[in-house]
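As structure tokens, the structure follows; a few thoughts come after it.
The values are calculated or read from the model by the stated rules, or taken from the named source; none is laboratory data. The structure presented is a predicted model; accordingly, all values stated were derived computationally and were not measured. As a convention, Cβ positions derive from the backbone with ideal geometry for all residues, glycine included, and neighbour counts pool all protein chains shown.
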Amino acid sequence: MIITKTSLPRRTFLRGIGTAIALPLLDAMVPALTAQAKTPAKPVRRFSCVYVPNGAIVDMRLPDGTVLDTWTPLGKERAFKLAGTMKPIESFQDQLVVLSGLGSRPMEAQGDGNGDHARACAAWLSAVHPKRTETEPQSGITIDQLIARDLGEDTQIPSLQLAVDDFGLLGGCESGYACTYFNTLSWRSPTSPLPCEINPRVVFERMFGDGGSPEARRLQLQQDQSILDSMKQEVASLQKNLGPKDRSRVTEYLDGVRELEQRIKKIEAQQDEADLALPGPPVGIPDQFEEHVKLMFDLQVLAFQSDITRVITFLLAREGSYRSYPNIGVPEAHHGLSHHGNDQEKIAKMGKINTYHMQLFAYYLEKLRSTPDGDGSLLDNLLVLYGSGMSNGNLHNHYPLPLLLAGGATDSLQGNRHLRYATGTPMANLLLSIPDLVGLPPLERVGDSTGRLTGL
């Protein structure tokens, strides 16, 4: 603990009954009596992906010659303005790089016929054309897993795969493609997809559980106890040995853990009181989409803050999603609207969904920006990839893809830029460049890459 000659280990846990809570990055974790001790603790690099389905309104050319685009920034590389869909994140422009012109041939049919939604999701992080099959899914190792091999060595969870939609796991979901292709962004190997978790309770317990039987945990919940109740003395002992800044940081962090825990419990209590004859989501999963998304984003921030993991992928909605959004005035199914037939009213509703998703992404970015990490914030030390594997959903095309990078990646990513690339530039070139940005050894090739992106 912060004493004069020693320091806290970076992997320090508070332990209770069936619980282990990793501490966030503290100044007390800097080796004492060194030059470093006069500065905040050195942060680590992290990588996050957020995927949205069914494309966007980007370079959409109508039969009458009209071009619609609510995604692409207006202006030059360093003198541009975010508009339309991007408006909700304009306060983060200094940490944004918008990428125009990138696409993906591996997402195209290549003789396999329909199945663009399955291919879009499967190839987004692999740049490998997936096998058309319902029983033996095959794609390629994804960039998040290549990164997790290095960044995940010192964390209790190498990577997290999260989503909010309940997917089918077996059989076909689209034109001879297995449901597996819709169920994840992450592949550990060409034949090993990593399924997403949609239940916040399961994610919470995976992050903070440390032994103990499920029965004991259920009893604890029934008694309305917090996981923090069994470690009060240990917390008090720790705080006595920390400086004022670290004490405040630990208090805020534990308050965040407790607040998330209470939100999950409240959701479970509401569902227990509901009519069990009515179908609904499993216990722990919010009924409201926005509540569910924000809860999953908050869990991600907490996982990064506590250094439980350094790599997370998140399906904000399922590719080919039929979800409707009556809360924003869009009662029609998202996928149906993406096949708009150039109907401008349907296109406008697509734009509302795209903007709404961006508003939720802005919530995530603000949480990251407001969470201290070293001498900056989590956003400063994170690289976030946001986008879709579809361009115009009406045509099922994959050029140009809506893509952006956010964060600082510990000063490796220079924001406030709009980079335009020649149409047809492989998205794989972006994937090839990402390990460089997070300080990992360079890769020779990813999927159909032809070289690193210039300008990053």
Of all residues in region 308-345, count the ones that are modelled with pLDDT under 95 and either basic (Lys, Arg) or not assigned by TED's automatic domain parsing to the domain that holds residue 358 (or both).
-> 2
Please find, within region 123-160, the residue that is surrounded by the fewest Cβ atoms within 10 Å (Cβ to Cβ) out of those that are of a type in the set (Gly, Ala, Ser) and touching a residue at least 60 places away in the same chain (Cβ under 8 Å).
-> 152
Residue pairs meeting the criteria (Cβ under 8 Å; at least 6 apart or on separate chains; first of a type in the set (Ser, Thr, Tyr), in region 224-242; second modelled with pLDDT under 80) = 230/16; 230/17; 230/19
Could you give me the residue pairs with C-beta distances under 8 Å whose first residue belongs to region 380-399 and is assigned by TED's automatic domain parsing to the domain that holds residue 415 and over 19 Å from residue 311 (Cα atoms), whose second residue is buried (at least 22 other Cβ atoms within 10 Å of the Cβ) and among the basic types (Lys, Arg) wherever it lies, and which are 6+ apart or on separate chains?
-> 389/119
All but one of (1) in a loop (DSSP other than H, G, I, E, B); (2) surrounded by fewer than 23 Cβ atoms within 10 Å (Cβ to Cβ); (3) out of contact with any helix residue (DSSP H, G or I) (no Cβ under 7 Å at 6 or more places or on another chain) hold for residue 391, so report the exception by its number.
-> (2)
Output the residues belonging to region 106-119 that are touching a Phe, Trp or Tyr at 6+ places or on another chain (Cβ under 9 Å) and within 19 Å of residue 143 (Cα to Cα).
-> 107, 118, 119
Residue 439 passes all but one of (1) free of Cβ contacts under 8 Å to residues at least 60 places away in the same chain; (2) on the phi > 0 side of the Ramachandran plot; which number fails?
-> (1)
In region 172-220, the residues that are surrounded by fewer than 14 Cβ atoms within 10 Å (Cβ to Cβ) and either at pLDDT 75 or above or under 28 Å from residue 288 (Cα atoms) (or both) | 189, 191, 192, 195, 214, 218, 219
Can residue 398 be described as in a loop (DSSP other than H, G, I, E, B), on the phi < 0 side of the Ramachandran plot and in contact with a strand residue (DSSP E or B) (Cβ under 7 Å, 6 or more places away or on another chain)?
-> yes
Kindly list, by first and then second residue, each pair from a residue in region 199-211 that is of a type in the set (D, E, K, R) to a residue that is at pLDDT 90 or above, limited to pairs with Cβ atoms under 8 Å and residues at least 6 apart or on different chains.
-> 206/157; 206/197
Being modelled with pLDDT under 95 and crowded, with 21+ Cβ neighbours inside 10 Å narrows 410, 423 down to just 410
Which of the residues belonging to region 63-86 are out of contact with any strand residue (DSSP E or B) (no Cβ under 7 Å at 6 or more places or on another chain) and either of a type in the set (A, V, I, L, M, F, W, C) or surrounded by 23 or more Cβ atoms within 10 Å (Cβ to Cβ) (or both)?
-> 71, 79, 82, 85, 86
Could we say that residue 348 is more than 16 Å from the chain's Cα centre (by Cα), small (Gly, Ala, Ser) and either in the same structural domain as residue 95 (by TED's automatic domain parsing) or part of a helix (DSSP H, G or I) (or both) here?
-> yes
Has region 342-354 got any residue that is crowded, with 16+ Cβ neighbours inside 10 Å, small (Gly, Ala, Ser) and either touching a Gly at 6+ places or on another chain (Cβ under 8 Å) or under 18 Å from residue 45 (Cβ atoms) (or both)?
-> yes
Please state which one of 410, 355 is in contact with a Lys or Arg (Cβ under 6 Å, 6 or more places away or on another chain) and of a type in the set (Ser, Thr, Tyr).
-> 410
